[in-house]
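A short worksheet on the structure shown next.
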Amino acid sequence: MIELTFLGTSASAPSIQRGLSSAIVQHREHRFMVDCGEGTQRQLLRSGLGFKRLNKILITHAHLDHILGLAGLVSTMTRWEVMEGLTIYGGAYALDRIRRLLDVVFSPHPIPQSIELREVRPGVVFATEHLRIEAFPVIHRGPDCYGYLFSETPKRPFLVEKAEALGVPPGPERRRLVAGESITLPDGRVIRPDDVLGPPRQGARLAFIGDLARTKGVAKFIRDADVLVVEATYLEQDKALARQYGHLTAAQAARLAAQARVGQLILTHISRRYSDEAILEEARTIFPHTVVANDFDRFEIKRAR
């Protein structure tokens, strides 16, 4: 299961109800922040998640409403001595702006060695036994914009009926088989993992995109994801403005979700000019499984298909 918590869901500037873009993705012992708009550290405290184990930040693009909060967050974490290490992932252009931002924070001293700026390119940017994160290129305004796909490692289900038929007792023997080891039963028979494990099943998949100007070519990167998070800054009545400023309408986001055959669409980067109801109405006409995210909304993402 992948857990998703929104810290900020507003477009471009904060509103009374919404902070600037940021979210936390959690999987097992790992926590990832996606984008860090101004005021994110306060949102993080209000959410109850706090700073513990926050050591990886994924940046979608270089605009200030997605990175400016890094200054306050890093300053606080350093001052409180709660940061043993921090890796900030982003495109080259975003990292250049972040480096200059951190220079201001730590001047006249250098940026601490515990902070690593790691350039993102298309492909795998993080992987463990249980989780893989891939970056894929998207078009917004400016270079080096990325979306991120979080994928749980496929697992082979343990077939209890087969294990019982073969006489495999509950306990450590079964755990060893699940781990890929063969075992020998008291009667001398050797039981192999293939004897009691089914074919691999894909785990949960979360596609997270920040700002987006064009949806063409994006569906192939996110196809069949359980959840797609993407912006919906405008409605179709203002699609000329959306095109001018490099953003999507709710209808465009919904068409992308339908094209990619995702399980659920979560819309964020919400403008103050529209009501949630108007955004939902436009999107659900095209893609019924749509919700609008609010600050501090939490979602549990499981493989449903």
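The values are calculated or read from the model by the stated rules, or taken from the named source; none is laboratory data. Note that the structure is predicted; figures quoted are calculated from it, not measured. As a convention, Cβ positions derive from the backbone with ideal geometry for all residues, glycine included, and neighbour counts pool all protein chains shown.
Points to keep in mind about this one:
- In the range 48-82, residue modelled with the lowest pLDDT [restricted to those that are assigned to a helix (DSSP H, G or I) and crowded, with 19+ Cβ neighbours inside 10 Å]: Met77
- All of Leu102, Leu117 fail the test of being surrounded by 13 or more Cβ atoms within 10 Å (Cβ to Cβ), assigned to a strand (DSSP E or B) and over 18 Å from the mean Cα position of the chain (by Cα), apart from Leu117.
- The lone exception for Gly217 - which of (1) on the phi < 0 side of the Ramachandran plot; (2) modelled with pLDDT of 95 or more it fails: (1)
- Top-ranked residue of the range 206-224 - restricted to ones that are surrounded by fewer than 24 Cβ atoms within 10 Å (Cβ to Cβ) and of a type in the set (A, V, I, L, M, F, W, C), ranked as farthest from Leu4 (Cα to Cα): Ala213
- Of the residues making up the range 5-24, those that are closer than 17 Å to Phe208 by Cβ and either among the polar types (S, T, N, Q) or not assigned by TED's automatic domain parsing to the domain that holds Gln264 (or both) are Thr5, Thr9, Ser10, Ser21, Ser22.
- Within the range 149-179, the residues that satisfy the criterion of being β-branched (Val, Ile, Thr), over 30 Å from Tyr89 (Cβ atoms) and out of contact with any Pro (no Cβ under 8 Å at 6 or more places or on another chain) are Val160, Val168.
- The residue that is surrounded by the most Cβ atoms within 10 Å (Cβ to Cβ), among those in the range 148-197 that are part of a helix (DSSP H, G or I) and touching a Phe, Trp or Tyr at 6+ places or on another chain (Cβ under 9 Å), is Val196.
- If only residues of the range 1-47 that are at pLDDT 95 or above and among the acidic types (Asp, Glu) are counted, the one that is nearest to Ala94 (Cα to Cα) is Asp35.
- In the range 13-46, residue nearest to the chain's Cα centre (by Cα) [restricted to those that are surrounded by fewer than 19 Cβ atoms within 10 Å (Cβ to Cβ) and of a type in the set (S, T, N, Q)]: Gln26
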